[in-house]
Amino acid sequence: MLASAHRVLATLDEPAIMGILNVTPDSFSDGGRYLDPEVAVKRALEMVDEGALIIDIGGESSRPGAKFVTESEELLRVIPVIKALRRASDVPISIDTRKPGVMAVAASEGADLINDISALTTPGALKIACETGLAVCLMHMQGTPRNMQRKPTYQNVVGEVRKFLQERISACTENGIPCERLIVDPGFGFGKTPEHNLQLINELNRFEALGVPLLIGVSRKSTIAKTLGTEQLLTGSIVAAMMAVDRGASILRVHDVAATRAAIVMRSAIQGMGT
Ligand code: YH5
């Protein structure tokens, strides 16, 4: 395995936290239009201190209905932050992008993992991802960020998501990305109703048969708000994340790193006791 992929995937004996670093202009811009890479790096280092093992940098919002961002705009957002974080720390860096051009530049600036909510289905993405030699997270989404919440429909959500991920694993392995470099993610909140999302967590163990590490991102998402209300997003996010770990998740994509780390430590302390 290449060194960069190895750095991300070698140490998954206990659940790993992927800290979310959004680098859209509304985050980390002291009121102005442009974001300040130094402020973003400060937040990244804070998350590392709190226990994040991977930092996920994203310059395109994929919230339902979010606006399209051009490749040059996305590069202007993420590349200065990747460069500055790489100078400041050797923490594994994940690039949250669907664009082959962004994957290539991020890789050349020291990113370790490609996190693609489109599972390398964008034309050219599979080839570029293969050439970078990086690890890849393949996520399921029904539709696109623009239209995915209009009418999510499944006969059997777990079966259909699993089949899609199996097909994307095959597409990767047939095109030069070995399964040792792959991670899969059922895409909590991406073209799913709250019922679909809750069922995916409850039956997450059915994805273990895919034979690659499982990542899940439930943090502060609307299914949690719809279940508990917006005052209890942190509690709901932590409970959902721990239930996902119990069902086989090995990487948790979260905003609240310190609280998630505490929950993992508490869970491991209990898990290790008794006969
Ligand atoms: C994910 O699950 N999610 S971006 C809406 C929210 C809160 C948060 C309505 N990238 C994932 O975090 N990558 C995103 O409140 C991701 N898995 C992977 N692999 C969406 C997000 C969010 C959306």
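Applying a DSSP loop filter and a limit of 11 other Cβ atoms within 10 Å to the trypsin sites (Lys or Arg not before Pro) in the range 37-90 leaves LYS67.
Total lysine pairs in the chain at Cα distances under 16 Å, for residues eight or more apart or on different chains: 7.
Rounded to the nearest 500, the helix-only mean residue ellipticity at 222 nm of the chain stands at -13500 deg cm²/dmol, with each DSSP H run of n ≥ 4 adding -39,500 (n - 2.57). The P(r) of the chain has a tail past 33 Å containing 15 percent of all C-alpha pairs. Which values of log₁₀ I(q)/I(0), to two decimal places, follow from the Debye formula for the range 21-162 at q = 0.09, 0.14, 0.16, 0.18 Å⁻¹ with a uniform point scatterer at every Cα? Log-scaled intensity ratios, in q order: -0.29, -0.68, -0.86, -1.05.
Read the figures in this text as sums done on the coordinates, not as results from a lab. Note that the structure is predicted; figures quoted are calculated from it, not measured. Here Cβ is always computed from backbone atoms with ideal geometry, including for glycine, and neighbour counts include all displayed protein chains.
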